[in-house]
Amino acid sequence: MARTWGRRFSVVLVAFILSLTCTSFVHAALPKNGRVAVVLRGKGDLGKADLTAAGAAVIRELVRRGYPVVDKDRLDALERSEAARLALEGDVEAIMALARKYGVSYYVRGTAEGHKPVVNEFGLYTGTVTISLQAYRARDGKYLFSDSIVGKEVGYTAQEASSKALIVASGRMAAALGDGEPVTEVKPEVKGKRFSLFVSGLAGLVGAESFRQDLEKIPGVLSASLGSGIGTASFTVEYAGDVGSLADRLVSSFQGLVVDSKTPGSLRLHFE
């Protein structure tokens with residue numbers, strides 16, 4: 001689905017983290033002696049729904065790590081404030097205003113940028129999202145640190161890939177804020193669907209096994225197993241795409257192979 005690039009949306013996520021008397025995290029990126037406000041905005045091919053989901057992912061991770069978060073009413077009030085809008089641009093006075101009005105001790109602003117998804121070798125989309133964040137001490141606007149986090153994910157559509165990549169990046173953002181753990185690249189996992197193939201015209205069991213081995217060399221085929229090689233040979237194929245794409249790949253890979261019929265989960269073919 002076509003998306004318009006360059007649209008900018010902002011969504012505000014505020015998490016107030018209370019001081020703890022003891023902690024199991026000894027390398028925290030942010031001090032735990034006061035409340036933290038995290039504000040996230042979008043850039044590129046990211047809409048309000050994407051950013052709302054990203055905010056929810058950060059909240060879930062912070063809660064999982066034992067951090068209390070602000071109630072929805074206070075979050076909505078801060079989101080509507082002029083100070084929050086200016087603080088998002090790094091305005092020191094606005095950051096200090098948040099400290100006075102909302103009791104914020106540490107302020108983190110992040111920009112999530114969605115890069116245009118690309119089609120990978122399996123015919124799927126790979127989405128990439130970069131979150132750049134800066135942290136400040138709110139009472140005087142002192143700059144503390146910055147970080148850059150990358151999330152990559154695979155989807156059947158460009159929108160799905162971008163949304164999943166943003167969720168991955170936001171989860172890692174929460175981990176970085178909570179623990180100060182080093183950010184490492186996560187290789188996207190490619191998952192396929194299983195299809196049944198029925199192929200006639202092969203030279204017995206030897207021909208069926210040779211065909212199976214060739215199947216595994218086709219781009220997008222993750223695995224191929226032989227069920228029966230007698231008569232019409234049967235195969236189970238795990239493929240990263242739909243049945244139409246698989247049919248096209250098979251016909252282009254094997255000379256003389258013709259598709260007789262197809263269903264969402266199976267193909268019947270023969271060699272001329």
So Asn33 clears everything in (1) open to solvent by 30 Å² or more (accessible area, probe 1.4 Å); (2) modelled with pLDDT of 75 or more; (3) closer than 17 Å to Val129 by Cβ; (4) assigned to a loop (DSSP other than H, G, I, E, B) except one condition, right? Which one? (3)
Inside the stretch 222-263, the number of residues satisfying the requirement of being part of a strand (DSSP E or B), closer than 19 Å to Tyr156 by Cβ, open to solvent by less than 40 Å² (accessible area, probe 1.4 Å) and aliphatic (A, V, I, L, M) is 1
Within the stretch 137-152, of all residues that are open to solvent by 20 Å² or more (accessible area, probe 1.4 Å) and touching a Phe, Trp or Tyr at 6+ places or on another chain (Cβ under 7 Å), the one farthest from Met96 (Cα to Cα) is Leu144
Determine whether the stretch 50-64 contains at least one residue that is buried (at least 20 other Cβ atoms within 10 Å of the Cβ), at pLDDT below 75 and either in contact with a His (Cβ under 9 Å, 6 or more places away or on another chain) or among the aromatic types (Phe, Trp, Tyr) (or both). no
Restricting attention to the stretch 97-126, which residues are under 17 Å from the mean Cα position of the chain (by Cα) and closer than 16 Å to Gly241 by Cβ? Pro117, Val118, Val119, Asn120, Leu124, Tyr125, Thr126
When residues of the stretch 118-141 are filtered for being out of contact with any Ser or Thr (no Cβ under 6 Å at 6 or more places or on another chain) and in a strand (DSSP E or B), how many remain? 11
Any residue that is surrounded by 14 or more Cβ atoms within 10 Å (Cβ to Cβ), at pLDDT below 80 and either of a type in the set (S, T, N, Q) or out of contact with any helix residue (DSSP H, G or I) (no Cβ under 6 Å at 6 or more places or on another chain) (or both) - is there at least one of those in the stretch 192-215? yes
Are any of the residues in the stretch 153-163 open to solvent by 60 Å² or more (accessible area, probe 1.4 Å), assigned to a helix (DSSP H, G or I), under 30 Å from Asp248 (Cβ atoms) and not aromatic (Phe, Trp, Tyr)? yes
In the stretch 165-190, how many residues are at pLDDT 65 or above and either in contact with a Phe, Trp or Tyr (Cβ under 8 Å, 6 or more places away or on another chain) or open to solvent by 30 Å² or more (accessible area, probe 1.4 Å) (or both)? 4
So Ala94 ticks every box in (1) in contact with a Leu (Cβ under 9 Å, 6 or more places away or on another chain); (2) part of a helix (DSSP H, G or I); (3) modelled with pLDDT under 80 but one. Which box is left unticked? (3)
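The values are calculated or read from the model by the stated rules, or taken from the named source; none is laboratory data. Since the structure is predicted, the reported quantities are computational estimates derived from the model, not experimental observations. All Cβ positions, even for glycine, are placed from backbone atoms using ideal geometry, and neighbour counts span all protein chains on display. Keep in mind that these areas ignore ligands, DNA and RNA; they rest on the heavy atoms of the full protein, side chains included. Shrake-Rupley method; radii C 1.70, N 1.55, O 1.52, S 1.80 Å.
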